[in-house]
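What follows is a short report on a single structure.
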Amino acid sequence: MTQAEIKLCSLLLQEHFGEIVEKVGVHLIRTGSQPLRAIAHDTGTSLDQVKKALCVLIQHNLVVYHVHKRGVVEYEAQCHRVLRMLRYPRYIYTTKTLYSDTGELIVEELLLNGKMTMSDVVKKVADRLTETMEDGKTMDYAEVSSTFVRLADTHFVQRCPFAPITDNSDTGPPPPAPTLVINEKDMYLVPKLSLIGKGKRRLSDEDASGEPKAKRLKHTDNKESPHPKAGQTWHSDKHQATVNAAPELRNKSSITTSLQRSLPVGYNISKQVLDQYLTLLADDPLEFIGKSGDSGGGMFVINLHKALASLATATLESVIQERFGSRCARIFRLVLQKKHLEQKQVEDFAMIPAKEAKDMLYKMLSENFISLQEIPKTPDHAPSRTFYLYTVNVLSAARMLLHRCYKSVANLIERRQFETKENKRLLEKSQRVEAILASMQATGAEEVQLQEIEEMITAPERQQLETLKRNVNKLDASEIQVDETIFLLESYIESTMKRQ
Amino acid sequence: MAGNKGRGRAAYTFNIEAVGFSRGEKLPDVALKPPPLFPDVDYKPVPLKAGEGEEYVLALKQELRETVKRMPYFIETPEEIERYSKRYMKVYKDEWMPDWRILPRELMPKKKCKKANPKASKTKGVGKGNSLTNTADVLKKIEELEKRGDGDKSDEENEEKEGSKENNKDSGEDEDEDAADQEEYDEEEQEEENDYINSYFEDGDDFGANSDDNMDEATY
């Protein structure tokens, strides 16, 4: 793990679970697999606290354990899972758009608690919904359960591995740690929950712990840990309507006739128009959708890797444009298109004067967006007799950009914490005033008294609070946006690595 | 012969034109120090995305940040100096009991601790505080006797620690760890010399009963 990732993990753990868990977690990320005693000794925390911290981390699926021979249990942290914590609000929002408030609350409860049994989740969510509904109405457990089942079907929620129940309870000492097994087929099975009505309920016999791993891509297999892609709809500005209208297209291939039937009625697209749209999509140079045959009216395939690659390239281009200017962006796009170019050729093709072109190329080179490829003319690689070609290696540039993103998120979080700490006194004061106001209003105080209390915060202080709030909001919003870029780049890198 | 070809003049080992500089041209300055920490940028950053969705996600994020602080998973660091006012400003959190079926046994605190308030055991120095029960008192006595050089008891305790190293969680070990860390390590170093076997406490299932039993047996 790079230093930037470790720093980011440390900040995230600290915000979510406190310093002790952060210390333990970061130590595990840095040093890999460790037994309990070693953790306690190296971090200098007491065994009791390390135990609690490990329980919390395992509960939230951030640490896994393995039993080695001689009964030693070693704990290993999963850095990428820690980094996912940045994306929790996005997961909740996506679920809200797809499954409305019930789904949103289910995912929120699961994210806050790591693992939960289905019955617990359903009960908590139903109670929360009942609170927000009008008096007299209660939320039906069945509805919450059905939403849960739908979430499990679309792989937003996943079952945790559990220890198998063994009959022989007296064959020597039980193992130090249960070996967790999970049958892949069972991962998305939901137990038959018989929750009667609203008030009374019976727990089902089988307990299943649901664990959220929001996954949108149905065709990825479940063998390795599922990729928590928060179901981001792939927005393609040109084809937004068609993509949203055809959910079947997300599977690898589909048939045109069945596609037409599945379109929502309101679209009123006739067969010819549909054919035209599909041909248009398939012929598009970006190659998101390809035609793989003619059976059944036309077989179409979505090529997700190409889509990710072009999105990643677009991100790189826009970064260059915003950092170095549009001329640099032109050069970058040129080199990307022509793969390898010499210094002279760059000047000619881009129609930019030599001096400036040189300057821009070196600026991009120094930031590692562009790399140099040497092609020797003679076997002795003499510098005067080698070609130096500029090229763009998208994968390595994406990795470099991802690393920078991690650094920037870490910086944003630190700055936000700094700002909050600076104004801690003021914030506490305003909280106290609000509490007093609320209690006074509840007991029915007069206007005059309320005004007096409000004046406890002076005008410049109010100004300061406003500025603070604005800054914190801006920093938070930036974090969320950088996280989107991180998601994109990570998906691209992962998809490329899988193909290789 | 030793490369005087240029007769004292600067000569590049490669074709300078290939990298784009013409001969005799002024080369860019050499960098003498690392780039500034906050360099001036030529272009202003693009404004952030704004919209209903983004605002909702922002609100969710801030709410989440506040909520996680109130969850039982958020473990606060114990302060060295206990402030009087903190007692009245304490946020009461729900207790959380992890599912022990999926956790390794060594992570389990002693059964006695579960009944009492587990947070009390956090404060390091006061490890032997009011939350511990009879076993702790007995062990305290053992430690005192140890210091006085009572051979049997100290051996027994040492071997307890040894036996519970990897596999079993013996109650004695944990409390001692909490209480006096320094003394711990010294004692453990000494325990190599005793002749009790490591696997003496194989079946450390029932912590409460076991520890009591051990006390009894130790008096042989």
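Under the condition of being within 12 Å of another protein chain (Cβ to nearest Cβ), part of a helix (DSSP H, G or I) and either surrounded by fewer than 21 Cβ atoms within 10 Å (Cβ to Cβ) or not small (Gly, Ala, Ser) (or both), the residues counted in the stretch A:12-31 number 12.
Confirm whether residue A:92 is crowded, with 20+ Cβ neighbours inside 10 Å and farther than 24 Å from residue A:2 by Cα. Even if it seems obvious, please write down each step before you answer.
Working: crowded, with 20+ Cβ neighbours inside 10 Å: yes; farther than 24 Å from residue A:2 by Cα: yes.
Yes.
Across the stretch A:1-48, what is the number of residues that are in contact (Cβ under 8 Å) with a residue 60 or more places away in the chain and charged (D, E, K, R)? First the steps, then the outcome.
We begin by selecting, within the stretch A:1-48, every residue in contact (Cβ under 8 Å) with a residue 60 or more places away in the chain; these are A:1-2, A:4-9, A:11-13, A:15-16.
Filter again for charged (D, E, K, R), leaving A:5, A:7, A:15.
Total meeting the criteria: 3.
Scanning the stretch A:112-126 for residues that are surrounded by 19 or more Cβ atoms within 10 Å (Cβ to Cβ) and in contact (Cβ under 8 Å) with a residue 60 or more places away in the chain yields A:114, A:115, A:116, A:117, A:118, A:119, A:121, A:122, A:126.
Every listed requirement among (1) crowded, with 16+ Cβ neighbours inside 10 Å; (2) within 14 Å of another protein chain (Cβ to nearest Cβ) is met by residue A:420 save one, (1).
Would you mind stating whether residue A:77 is crowded, with 19+ Cβ neighbours inside 10 Å, under 24 Å from the mean Cα position of the chain (by Cα) and not polar (S, T, N, Q)?
yes
Inclusion of residue A:90 among residues that are more than 21 Å from residue B:97 (Cβ to Cβ), assigned to a helix (DSSP H, G or I), of a type in the set (Lys, Arg) and facing chain B (nearest Cβ under 9 Å) is warranted.
Looking at the stretch A:366-390 only, could you name the residues that are outside any helix (DSSP H, G or I) and charged (D, E, K, R)? The answer is A:367, A:374, A:377, A:380.
You will find that of A:498, A:474, A:469, A:421, the residue that is under 30 Å from the mean Cα position of the chain (by Cα), among the charged types (D, E, K, R) and more than 30 Å from residue B:50 (Cα to Cα) is A:498 and no other.
Please verify whether the stretch A:391-402 includes one or more residues that are part of a strand (DSSP E or B) and of a type outside the set (A, V, I, L, M). Quick ask: steps written out before the conclusion?
Filtering the stretch A:391-402 down to residues part of a strand (DSSP E or B) leaves A:391.
Keeping just the survivors that are of a type outside the set (A, V, I, L, M) gives A:391.
There is at least one residue in the stretch A:391-402 that is part of a strand (DSSP E or B) and of a type outside the set (A, V, I, L, M).
Does the stretch A:113-123 include one or more residues that are farther than 30 Å from residue A:36 by Cα, more than 23 Å from the chain's Cα centre (by Cα) and in a loop (DSSP other than H, G, I, E, B)? Scanning the stretch A:113-123, I find no residue that is farther than 30 Å from residue A:36 by Cα, more than 23 Å from the chain's Cα centre (by Cα) and in a loop (DSSP other than H, G, I, E, B), so the answer is no. When A:435, A:459 are checked against the criterion of being exposed (fewer than 12 other Cβ atoms within 10 Å of the Cβ), within 14 Å of another protein chain (Cβ to nearest Cβ) and not aromatic (Phe, Trp, Tyr), A:435 stands alone in meeting it. Among the residues here, residue B:57 qualifies as within 10 Å of chain A (Cβ to nearest Cβ) and at pLDDT 85 or above.
Tell me whether the stretch A:43-61 contains one or more residues that are aliphatic (A, V, I, L, M), buried (at least 19 other Cβ atoms within 10 Å of the Cβ) and away from chain B (no Cβ under 11 Å). No, that holds for no residue. Taking every residue in the stretch A:470-483 that is more than 7 Å from chain B (Cβ to nearest Cβ) and touching a residue at least 40 places away in the same chain (Cβ under 8 Å) and pairing it with any residue that is surrounded by fewer than 19 Cβ atoms within 10 Å (Cβ to Cβ) and polar (S, T, N, Q), at least 6 positions away or on another chain, the pairs with Cβ-Cβ distances below 7 Å are A:472/A:420; A:482/A:408. Can you name the residue in the stretch A:62-79 that is over 18 Å from residue A:15 (Cα atoms) and part of a helix (DSSP H, G or I) and, of all such residues, is nearest to the other protein chains (Cβ to nearest Cβ)? Going through the qualifying residues, I end up with A:71.
Of everything in the stretch B:66-96, what is assigned to a loop (DSSP other than H, G, I, E, B) and either at pLDDT below 80 or over 20 Å from the mean Cα position of the chain (by Cα) (or both)? Give them in sequence order. First the steps, then the outcome.
We begin by selecting, within the stretch B:66-96, every residue assigned to a loop (DSSP other than H, G, I, E, B); these are B:71-83, B:90-96.
Those that are assigned to a loop (DSSP other than H, G, I, E, B) and either at pLDDT below 80 or over 20 Å from the mean Cα position of the chain (by Cα) (or both): B:78, B:79, B:80, B:81, B:82, B:83, B:90, B:91, B:92, B:93, B:94, B:95.
Only a single criterion out of (1) without any contact (Cβ under 8 Å) to a residue 40 or more places away in the chain; (2) of a type outside the set (Gly, Ala, Ser); (3) in contact with a Phe, Trp or Tyr (Cβ under 9 Å, 6 or more places away or on another chain) is not satisfied by residue A:394, namely (1). Considering only residues that are closer than 18 Å to residue A:158 by Cβ and either of a type in the set (Lys, Arg) or touching a strand residue (DSSP E or B) at 6+ places or on another chain (Cβ under 9 Å) (or both), look in the stretch A:96-111 and name the one that is farthest from the other protein chains (Cβ to nearest Cβ). The extreme case among them is A:106. Checked against the criterion of being modelled with pLDDT of 85 or more, within 17 Å of the chain's Cα centre (by Cα) and part of a helix (DSSP H, G or I), the candidates A:110, A:105 yield just one match: A:110.
Conditions tested, residue by residue: (1) under 30 Å from residue B:55 (Cα atoms); (2) touching a helix residue (DSSP H, G or I) at 6+ places or on another chain (Cβ under 6 Å); (3) buried (at least 23 other Cβ atoms within 10 Å of the Cβ).
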{"residue": "A:68", "(1), (2), (3)": "no, no, no"}
{"residue": "A:81", "(1), (2), (3)": "yes, no, no"}
{"residue": "A:96", "(1), (2), (3)": "yes, yes, no"}
{"residue": "A:107", "(1), (2), (3)": "yes, yes, yes"}
{"residue": "A:110", "(1), (2), (3)": "yes, no, yes"}
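Can you find a residue in the stretch B:90-105 that is more than 22 Å from residue A:484 (Cα to Cα) and in contact with a Cys (Cβ under 7 Å, 6 or more places away or on another chain)? So far as the stretch B:90-105 goes, yes, one or more of its residues are more than 22 Å from residue A:484 (Cα to Cα) and in contact with a Cys (Cβ under 7 Å, 6 or more places away or on another chain).
The values are calculated or read from the model by the stated rules, or taken from the named source; none is laboratory data. If you're wondering where the values come from, they're calculated on a predicted model, not measured in any experiment. Positions of Cβ are generated from backbone atoms using ideal geometry, with glycine treated the same way; all protein chains shown enter the neighbour counts.
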